[in-house]
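Quick notes on the structure that follows.
Each value in this text was obtained by applying a stated rule to the coordinates, not by laboratory testing. In this text, all values refer to a predicted model and were calculated from it rather than measured experimentally. FYI the Cβ positions are ideal-geometry reconstructions off the backbone, even for glycines, and counts take in every protein chain you see.
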Amino acid sequence: MAEVATFRTDDVDALVEASLSCPLCLHATTVVALEGDSEDGHARCCCTVCGHERTVELLPEQLLRLSLMVATAQ
Ligand SMILES: [Zn+2]
């Protein structure tokens, strides 16, 4: 069963990042890619410490929230 993102769209960036942190070592993850569309969106995340990669399912509004965050970081 796929992991589902738990952050709210009005959370600050730090909370969004915390909700995506690595399930193995609890370090921050980097969002490698946002995939899919508003019907079926997900984020590929890669841990900055242990390299654990996983895919997190996103609601349409979460996908939008994350895409704004990723765009700001670049
Ligand atoms: Zn990790």
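Toward the positive end of the charge dipole of region 3-73, with +1 on the Cβ of Lys and Arg and -1 on the Cβ of Asp and Glu, the farthest Cα among Leu59, Gly36, Ser21 is that of Ser21. What fraction, in whole percent, of alpha-carbon pairs in the chain exceed 18 Å separation? Counting every Cα pair in the chain, those more than 18 Å apart make up 31 percent. Estimated at 0.36 nm per residue, the fully extended path between Thr9 and Glu53 surpasses their Cα-Cα distance by 13.5 nm. From helices alone, the chain scores -8500 deg cm²/dmol at 222 nm; the rule is -39500 (n - 2.57) for each run of n ≥ 4 DSSP H residues, then divide by the residue total. Site pair Ala33 and Ala2 shows an inter-label distance of 1.4 nm when each label is modelled 7 Å from Cα along Cα→Cβ.
What is the angle, in °, between the Cα long axis of helix 60-73 and the longest principal axis of the Cα atoms in the chain? Nearest 10 is fine, range 0 to 90. That helix lies at roughly 60 degrees to the long axis.
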